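Inspection log for the structure reproduced underneath, given as structure tokens.
The values are calculated or read from the model by the stated rules, or taken from the named source; none is laboratory data. Because the structure is a prediction, the values reported are computed rather than measured. Positions of Cβ are generated from backbone atoms using ideal geometry, with glycine treated the same way; all protein chains shown enter the neighbour counts. In case anyone asks, the SASA skips ligands and DNA or RNA and just uses the protein heavy atoms, side chains included. Shrake-Rupley method; radii C 1.70, N 1.55, O 1.52, S 1.80 Å.
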Amino acid sequence: MEFNTYTIAFGIAGIVLGLIISKILEKSSANKTISNAKKEASQVIREAKKEGEIIKKDKLFQAKEKFLELKSEHDKVMASKENKMNEAQKRIRDKESQVSNEISKNKRLNQSLEDKLVSLNKKSEYIDKKKEELEKLHQNHVSQLESISGLSADEAKQQLISSLKEEAKSDALAFAQSVIEEAKLTAQQEAKKIVISTIQRIGTEETVENCVSVFNLESDDVKGRIIGREGRNIRAIEASTGVEIVVDDTPEAIILSCFDSVRREVARLSLHKLVTDGRIHPARIEEVVLKTTKQIESEIIEVGKRTVIDLGIHGLHPELIKAVGRMKYRSSYGQNLLQHSREVAKLCGVMASELGLNAKVAKRAGLLHDIGKVPEEETETPHAILGMQWAEKYGEKEDVCNAIGAHHDEIEMKNLISPIVQVCDAISGARPGARRQVLDSYIQRLKEMEDIAYEFTGVTKAYAIQAGRELRVMVESEKVSDDVAAQLSFEISQKIQTDMTYPGQVKVTVIRETRVVNIAK
């Protein structure tokens, strides 16, 4: 027990001694660390002072350099300012010398002018004296001439003026007549040249429009399917399209007859779809006809767009584009209306270019001149006026609207584009092969035109020429005077306009001829 007590005591003493020794060692090491830190701090301070001195010297050196640089620049600026001041002083001295020179010159000029003025006054006095002497001599000569001729000076002057007036008037009339004749001849030649060159530069096609279409079939067996049981299919097609279907002995073909080419095209496309599909019955027929009608409407818009693009016309209203597309399915006296309008547009463009006018505006008016012929609803308004109203409604310019409304003389022409459209419309419709008519109706129309002329008193002969576009009337000179002939031409033209229907215009020419015959024996 005692042994353990001593052991514990010695252990505690050893531990205390170890702690004391460790504390002493830690303190000595701490003292060393502090002394080392102080040494390092003093070293850092010394080095920092050295670097500060170096930096200070550098900054002073840079400041001196900057000062010297600024001083040199200042010296340069001051030198340039001094040079400028010297130059300005020199210019001022030069100007002062110039001004002094000018003053001296002006003094000399004033002196010379005063001398010249004195000499001029002397000369003017001399001239006035001479004028008085000449006036006296002139009066003496006039009095001598009056006594010799027996006329006063005023009377002689009036006679001379009247004779000169008559001579000048006759010369002026002769010159004016020659100029007018030359201008007429030149204008006619130029007009013919422009029209001929315009026609030659435009490719044209002959009419191919008619009132029937032939629908080809693969075999005659299809005819029975188109007719249907007791004819119900063919009746359904005719009722839906408004087209008469003629099924005759023609092999592998049926005929679609209708004056409206749109309805005829709808019937043709519908039959093609029905025959290709094979299902032909009334319900299917109505469905196909409805779809085909919508297809034709979209095709009309596409045709209008292609047409305006081909002709280089921009900014056209969609409704006018649609009207242009509908022209494809309209005809005028057998001439396709779209083909006619395209042809007129090209003719107008060429002719306007030849005359130095706006070709784009002329081409636009030529394309739109017949849009009044394709109304969606029938109207009694003339097609030219209706087309003009449409053009105004959809924002076309005034000259285009006037050209559309005036191409058949319904309204007054107000610009140069209007007569060009009228002329090109006549060229397109009057050329051979452009329009097709039945021969019997054509001959009957010409005969009726001649018969109208024979109804008037004094008419001996009447001839319809130029395809019915001119009526020449021969009258008896004893019964019809010149004034009556003019009145007769007007009355015949009004009678034709009232009683007949005809394309274009009819020119009525009344010829009155007087013949005196004597025989020498």
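The table that follows gives values for the structure above.
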{"item": "Residue tally, condition within 19 Å of E396 (Cβ to Cβ) and either surrounded by fewer than 24 Cβ atoms within 10 Å (Cβ to Cβ) or within 9 Å of the chain's Cα centre (by Cα) (or both), over the stretch 347-362", "result": "6"}
{"item": "Verdict on S97 being modelled with pLDDT of 85 or more and among the small types (G, A, S)", "result": "no"}
{"item": "Selection within the stretch 448-465 - aromatic (F, W, Y) and modelled with pLDDT under 85", "result": "Y463"}
{"item": "Residue within the stretch 255-272 that is more than 30 Å from L337 (Cβ to Cβ) and either at pLDDT below 80 or not in a loop (DSSP other than H, G, I, E, B) (or both) present", "result": "no"}
{"item": "From the options R306, R263, residue that is under 23 Å from W390 (Cα atoms) and among the charged types (D, E, K, R)", "result": "R306"}
{"item": "Single match in I254, I313 (criterion: among the β-branched types (V, I, T), farther than 30 Å from V222 by Cα and either in contact with a strand residue (DSSP E or B) (Cβ under 9 Å, 6 or more places away or on another chain) or in contact (Cβ under 8 Å) with a residue 40 or more places away in the chain (or both))", "result": "I313"}
{"item": "Residues of the stretch 261-294 that turn out to be in contact (Cβ under 8 Å) with a residue 40 or more places away in the chain and closer than 12 Å to Y329 by Cβ, as a count", "result": "5"}
{"item": "Any hit, the stretch 293-316, residues being acidic (D, E) and either open to solvent by less than 70 Å² (accessible area, probe 1.4 Å) or in contact with a Cys (Cβ under 6 Å, 6 or more places away or on another chain) (or both)", "result": "yes"}
{"item": "Check on L134, in a helix (DSSP H, G or I), modelled with pLDDT under 80 and out of contact with any Asp or Glu (no Cβ under 7 Å at 6 or more places or on another chain)", "result": "no"}
{"item": "Selected residue (criterion: modelled with the highest pLDDT) from residues of the stretch 238-248 that are open to solvent by 60 Å² or more (accessible area, probe 1.4 Å) and assigned to a helix (DSSP H, G or I)", "result": "E238"}
{"item": "Helices (runs of 4 or more DSSP H) wholly inside the stretch 317-387 that include at least 2 residues being more than 22 Å from E297 (Cβ to Cβ)", "result": "337-354, 359-368"}
{"item": "Subset of the stretch 283-300 [more than 23 Å from M388 (Cβ to Cβ) and among the hydrophobic types (A, V, I, L, M, F, W, C)]", "result": "A283, I285, V288, V289, L290, I296"}
{"item": "Sole residue being under 26 Å from H383 (Cα atoms), aliphatic (A, V, I, L, M) and surrounded by 17 or more Cβ atoms within 10 Å (Cβ to Cβ), chosen from V475, V480, V459, V508", "result": "V508"}
{"item": "Single residue of S143, S72, S97 found to be among the hydroxyl-bearing types (S, T, Y), free of Cβ contacts under 8 Å to residues at least 24 places away in the same chain, open to solvent by less than 100 Å² (accessible area, probe 1.4 Å) and under 30 Å from D154 (Cβ atoms)", "result": "S143"}
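For (1) part of a strand (DSSP E or B); (2) modelled with pLDDT of 70 or more, each residue gets a yes or a no:
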| residue | (1), (2) |
| --- | --- |
| E167 | no, yes |
| V208 | no, no |
| V214 | yes, yes |
| I226 | no, yes |
| E230 | no, yes |
| T250 | no, yes |
